[in-house]
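Enquirer: Sharing a structure here in structure tokens format.
We did not get these values from a lab; they are worked out from the coordinates using the rules stated. Since the model is a prediction, treat every value here as computed from it, not as a measurement. Note that we place each Cβ from the backbone using ideal geometry, even for glycine, and neighbour counts take in every protein chain shown.
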Amino acid sequence: MPASVYVFVEARAHENMAETQISAYISEATKRQVERYAEAHGVKKGYLVEEALLHHLKALRELPADIVIPPRLTVTVKSFERVVGLIAKPGKPTKALRALMARRPVRGAP
């Protein structure tokens, strides 16, 4: 399991928002990305976290569930082994795939 970092975030009130305090455990890598972005763009970490949460929650509300790609995928050991096998020994490309990669139209395709 990756090491986690405890991050305390204090969100200050905007015009119509009450002050609320949250805390979360995040990975070192995520912490570095948040700090880098906040520093580069001159925003507070609390503001960045709130904007990201609002953006994500809006997407979950407004987009069809089948087009939202989670940032992490969890697979079973069996599924992982299958993926590893396919990477190690990929199948031959189909005619449709070859045509697609060559940017040629496929007969019978819409």
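Enquirer: Can you list the GluC sites (Glu not before Pro) in the stretch 18-100 that are in a DSSP coil and have 13 or fewer other beta carbons within 10 angstrom?
Expert: Details: sites: GLU19, GLU28, GLU35, GLU39, GLU50, GLU51, GLU62, GLU81; in loops: GLU19.
Loop-located and lightly packed - GLU19.
Enquirer: Assuming R0 = 22 Å, can you tell me the calculated FRET efficiency for the pair LYS58 and ALA38, based on Cβ-Cβ distance, to the nearest 0.05? Don't skip to the answer; put the middle values down first.
Expert: Working: r = 21 Å, r/R0 = 0.96.
After rounding, the FRET efficiency stands at 0.55.
Enquirer: Between GLU28 and LYS92, what is the spin-label point distance in nm, taking each point 7 Å from the Cα along the Cα→C-beta axis?
Expert: 4.7
Enquirer: Do any trypsin sites (Lys or Arg not before Pro) in the stretch 20-106 lie in a loop, going by DSSP, with at most 16 other beta-carbon atoms within 10 Å of their beta carbon, and if so which?
Expert: On the way: sites: LYS31, ARG32, ARG36, LYS44, LYS45, LYS58, ARG61, ARG72, LYS78, ARG82, LYS95, ARG98, ARG103; in loops: LYS44, ARG72, ARG103.
For trypsin sites (Lys or Arg not before Pro) across the stretch 20-106 that sit outside H, G, I, E and B with at most 16 neighbouring Cβ atoms in 10 Å, the list reads LYS44, ARG72, ARG103.
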